[in-house]
Structure formats: structure tokens, C-alpha cells
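Engineer: Structure incoming, see below.
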């Protein structure tokens, strides 16, 4: 991509509409869950959060508030709190009620966890116990983790998550895992091996998690910055679901993935370099996993346009 082309694209992305959507372009039966972590030191604010997430028109799908806190005074608490959605589906009712929760949270005296983030859960059963689909998923994440990671910063140009504890880079681990397995193994055995490598809640992906509402095993994407912006979170969910959908719909460019994997460079995949802007790889990734131009535009906008920069952008 020439400099002129990149400048023109950036201008387009900065000025394009970036609005919340009532439905997503994903498989009709896709289900997902979201966890939003935040910080609050006032019990009064937590009481308001309870009122926001417990609303009668939507009582059949219950949002929950989980807290790791201690009471330090009658009106004060310390610790990280987490909103856990019920299992959500791709329909206007679920998505608009999720927006209502996010909009309510943004008005209260609470802030997204600056050492925590947003976690997206996708049902592991989407892979239909097929080792081949699992292998493709791991390959995609392996060769595009640098793109997924920068996209996950949301409105920031850096990660505010403590990666050393909660979301370490995994490309090199996945690369070794793929090379050391034939994927003729039983699906459950492969997942068990993955769990041994990706220790519980320490890495960018987590295969340990079960969804509390449906008790299904999930893939937990842990890379996303904390935010109450519903459009950003919806965009995060859209990326996760589309990766899985392209794989199980057999719509992935296998030749491209195999080529990227064959050219894998261990030294390239380091978290400290993931904030660098790489538009060619980002466009390639968006073409790979999205079928609709609007999805591609939304992904590239969040990847490239950072309205809250805190350090100079590096361009490669």
C-alpha cells in the first residue's frame, strides 16, 4: 500500500459512521457472552449498577454482578467488579438491551478496569468436535495475533491490560502446539493439551471457561481493553464470531493461512510490538474473516483509528 493510499484510507475510516448495530452479519444460531470488568469504590455506585442490570422487561435473561471486593467503610468498597451477561443471541432484542446496560454503566461513577478488560465467550461446540476446525482457528490466531491485539485496544493505542498476569501473547505457543500435533487426535484430548499449555486465565485465549448460564464450554477471548462503549464491545464480539463462522462455514482461504504459517517468524510476535500499525496485514485479515464490506470497515476503523492516543504511533 502506498503512502497516498494509506492516508486516503485513514481519512475515510476517521470520517465513516461508526454506530451500534441491532444485528450482526454472523451465523443465525451464534451465541456469545460478555464480561465487563470495572472499578468502583462506592457502594452507592454498585447499588446503581444492580438497578441497571436488573430490569423487568428482560428478566428472563439475567445479567449478573460478580465482585472481588472488600468493604472498607459503610459506604466504600475496594476491588474489581464484573458484569456477566446471560447467553446472548444475534437479535435486536438482545443486542439493544446490551447497549442499554453499557449506556447505563457509562453514566455512573465507575470506570472500566485499567488492569482488566472485556472478555468475549464463544461456544466451543461451534467447532462440532472437529480437530480440523480447531487447527484452523489456532492457525488464524497464531499468524494474526498482532492484528487482533491492536484491534483489541479499542479506542486506545496501547493495551491497558496487565498482560503479564491476564492476557499474555500466545502466537509462539500456538505455533509449537500446531507443529507438535497431527490433529488426528480426539478433539477433547487436544483441548486438554491446550489447557495444559494455556494456563487458566493467564493468556489471550482461555479454553477452561464454562458459561454459567448454559454450562457449555467456551473459547474466552481475553485481549480486549476495558470499556463501556457498546459499539466497541459489539465490534469485538463481531470479530470473534466471524473468525469461527468463516472456519465452520468452510469459507476460509486455506492457502493463505498455510502460507502465513509456513513463513512464521518467532521473533515478530512480541507483545511490545503489537501496537505498531500494519495496514496491509489488517486489510488482509479483514478480507479473510469478513464477508461484508461494512464489517471490514468497522474492523479497520477500530484497528487503525485511536481517538484516545497516549503515545506516538509507530508505522510499518
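Engineer: Go through the residues of the stretch 283-290 one by one and say whether even a single one is on the phi < 0 side of the Ramachandran plot, buried (at least 17 other Cβ atoms within 10 Å of the Cβ), under 19 Å from the mean Cα position of the chain (by Cα) and modelled with pLDDT under 95.
Structural biologist: Within the stretch 283-290, none of the residues are on the phi < 0 side of the Ramachandran plot, buried (at least 17 other Cβ atoms within 10 Å of the Cβ), under 19 Å from the mean Cα position of the chain (by Cα) and modelled with pLDDT under 95.
Here is a yes/no grid of residues against (1) under 20 Å from the mean Cα position of the chain (by Cα); (2) on the phi > 0 side of the Ramachandran plot; (3) modelled with pLDDT under 75:
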{"position": "43", "(1), (2), (3)": "no, no, yes"}
{"position": "49", "(1), (2), (3)": "no, no, no"}
{"position": "53", "(1), (2), (3)": "no, no, no"}
{"position": "86", "(1), (2), (3)": "yes, no, no"}
{"position": "94", "(1), (2), (3)": "yes, no, no"}
{"position": "99", "(1), (2), (3)": "yes, no, no"}
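Engineer: Further question: Determine if the stretch 65-76 includes at least one residue that is modelled with pLDDT of 75 or more, surrounded by fewer than 19 Cβ atoms within 10 Å (Cβ to Cβ), in contact with a helix residue (DSSP H, G or I) (Cβ under 8 Å, 6 or more places away or on another chain) and within 30 Å of residue 127 (Cα to Cα). It would help to see each step written out before you state the result.
Structural biologist: Keep residues of the stretch 65-76 that are modelled with pLDDT of 75 or more, which gives 65-66.
Adding the requirement that they be surrounded by fewer than 19 Cβ atoms within 10 Å (Cβ to Cβ) leaves 65-66.
Narrowing the set further to residues that are in contact with a helix residue (DSSP H, G or I) (Cβ under 8 Å, 6 or more places away or on another chain) leaves 65.
From what is left, the residues that are within 30 Å of residue 127 (Cα to Cα) are 65.
Checking the stretch 65-76: at least one residue is modelled with pLDDT of 75 or more, surrounded by fewer than 19 Cβ atoms within 10 Å (Cβ to Cβ), in contact with a helix residue (DSSP H, G or I) (Cβ under 8 Å, 6 or more places away or on another chain) and within 30 Å of residue 127 (Cα to Cα).
Engineer: Quick check: anything in the stretch 302-313 within 25 Å of residue 220 (Cβ to Cβ), over 19 Å from the mean Cα position of the chain (by Cα) and modelled with pLDDT of 95 or more?
Structural biologist: Looking through the stretch 302-313, none of the residues is within 25 Å of residue 220 (Cβ to Cβ), over 19 Å from the mean Cα position of the chain (by Cα) and modelled with pLDDT of 95 or more.
Engineer: Moving on to the next point. Kindly indicate whether any position in the stretch 259-277 is in contact with a helix residue (DSSP H, G or I) (Cβ under 6 Å, 6 or more places away or on another chain), under 20 Å from residue 10 (Cα atoms) and part of a helix (DSSP H, G or I).
Structural biologist: No: the stretch 259-277 contains no residue that is in contact with a helix residue (DSSP H, G or I) (Cβ under 6 Å, 6 or more places away or on another chain), under 20 Å from residue 10 (Cα atoms) and part of a helix (DSSP H, G or I).
Engineer: Filter the stretch 259-277 down to residues that are in contact (Cβ under 8 Å) with a residue 24 or more places away in the chain and more than 21 Å from the chain's Cα centre (by Cα) and give me whichever is surrounded by the fewest Cβ atoms within 10 Å (Cβ to Cβ).
Structural biologist: Selected residue: 266.
Engineer: Also, I was wondering about something else. Would you say residue 236 is part of a helix (DSSP H, G or I) and farther than 26 Å from residue 133 by Cβ?
Structural biologist: Details: part of a helix (DSSP H, G or I): yes; farther than 26 Å from residue 133 by Cβ: no.
Here the answer is no, as residue 236 does not meet what is asked.
Engineer: While we're here: What are the residues in the stretch 109-149 that are in contact with a strand residue (DSSP E or B) (Cβ under 9 Å, 6 or more places away or on another chain) and in a loop (DSSP other than H, G, I, E, B), if any?
Structural biologist: 109, 110, 113, 114, 115, 116
The values are calculated or read from the model by the stated rules, or taken from the named source; none is laboratory data. Treat the numbers as computed from the prediction; the structure is a model and nothing was measured. Don't worry about glycine lacking a Cβ; one is built from the backbone with ideal geometry, like all the others, and counts go over all protein chains shown.
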